[in-house]
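Everything on this sheet refers to the single structure shown next.
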Amino acid sequence: MYKATSSNMMADINITPLVDVMLVLLVIFMLVTPAITQTISQNIGQSPIATKTDPHKLIVQAGDTYQLDGQFISLAQLKSQLTEAAKLDNKYTVQVFGEPEASYQSFTEVMAIANNAGIEHLSLASN
């Protein structure tokens with residue numbers, strides 16, 4: 001019987017399968033990379049220049065009084081005017097200012113009216 005001793009043992013790594021796998025992966029990457037990097041050219045039309053309009057200023061004052069763009073307005077008028085404006089212009093922007101003396105309920109009513117009217121661009125502002 002053949003008896004192996006520790007001095008005769010030598011560990012060799014067989015790198016042939018490793019090289020084969022690496023070459024296969026290289027070929028796969030060479031074939032797949034051009035397919036991934038291809039782009040589709042598309043003619044996209046120019047968008048119309050957006051006209052930047054100033055936001056409409058809504059001020060909530062003490063005593064349940066409201067001003068829209070400097071004109072006093074009631075809640076019913078505010079509701080109808082904001083609903084009509086939202087239908088005509090989907091970019092209708094309203095900035096809501098609250099005076100320190102104004103009640104929180106008045107402020108939240110105005111915010112709810114604007115939201116229910118369909119105003120999507122609503123911002124809170126400070127004086």
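The table that follows gives values for the structure above.
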read-out	value
Matching residues, the stretch 89-110, being open to solvent by 50 Å² or more (accessible area, probe 1.4 Å), closer than 15 Å to HIS121 by Cα and at pLDDT 85 or above	GLN95
Selection from the stretch 59-81 of residues that are in contact with a helix residue (DSSP H, G or I) (Cβ under 9 Å, 6 or more places away or on another chain), open to solvent by 30 Å² or more (accessible area, probe 1.4 Å) and among the aromatic types (Phe, Trp, Tyr)	none
Residue match in the stretch 30-46 (condition: modelled with pLDDT of 80 or more, open to solvent by 100 Å² or more (accessible area, probe 1.4 Å) and over 30 Å from GLY98 (Cα atoms))	yes
Of residues in the stretch 76-118 being β-branched (Val, Ile, Thr) and part of a strand (DSSP E or B), the one nearest to LEU58 (Cα to Cα)	VAL96
Number of the exception - ILE49 against (1) of a type outside the set (D, E, K, R); (2) under 27 Å from ASN90 (Cβ atoms); (3) at pLDDT 75 or above	(3)
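The values are calculated or read from the model by the stated rules, or taken from the named source; none is laboratory data. It should be emphasised that the depicted structure is a prediction, and the values quoted were computed from it without experimental measurement. Methodologically, a virtual Cβ is constructed for each residue, glycine included, from the backbone with ideal geometry; neighbour enumeration extends over all protein chains shown. Accessible surface areas use protein heavy atoms only, side chains included; no ligands, DNA or RNA. Shrake-Rupley method; radii C 1.70, N 1.55, O 1.52, S 1.80 Å.
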